[in-house]
Amino acid sequence: MLSHISLRPLFARRMLSKSVHTTPSFLRAPPSFSRPGPPPLPPAEQAEFEALLKANQTIGTIPNEQQKAEENLHQDVRKGPKPEFEGDVNPKTGEQGGPKNDPFVAGNGDWQFGGRDF
């Protein structure tokens, strides 16, 4: 019994040494957001800054005709094989809206896919 009595003050001291917060955690400000921001601009300069931002954001968003012609296809883009037929209906199978080419027949007994022989 004597050993239990001597451990109680040590246990009580250990419990009291832990920090106790009286302010709820949701009321405490996080330390990373406690820094001040940049000083505000005068109204005239702020309006000029916002106008410049808006002008910069609209540059390049509306494509003109010259850009469309230049940006149609990149020079390294691989073109697929030419379609076997025109229109929406395959004349061999009668399929509507299907592929324009048979993806597996190369014509000379080889197998191909996307214009490459295997």
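Given the Cα-Cα distance of N72 and E50 and 0.36 nm per residue of separation, how much length would full extension add, in nm?
4.6 nm
Label-to-label distance for L41 and Q57 is 1.4 nm, based on points extended 7 Å past Cα in the beta-carbon direction.
Coordinate-derived values only; no laboratory data. It should be emphasised that the depicted structure is a prediction, and the values quoted were computed from it without experimental measurement. A quick note on method: Cβ atoms are made from the backbone with ideal geometry, for glycine too, and the neighbour counts reach across all protein chains shown.
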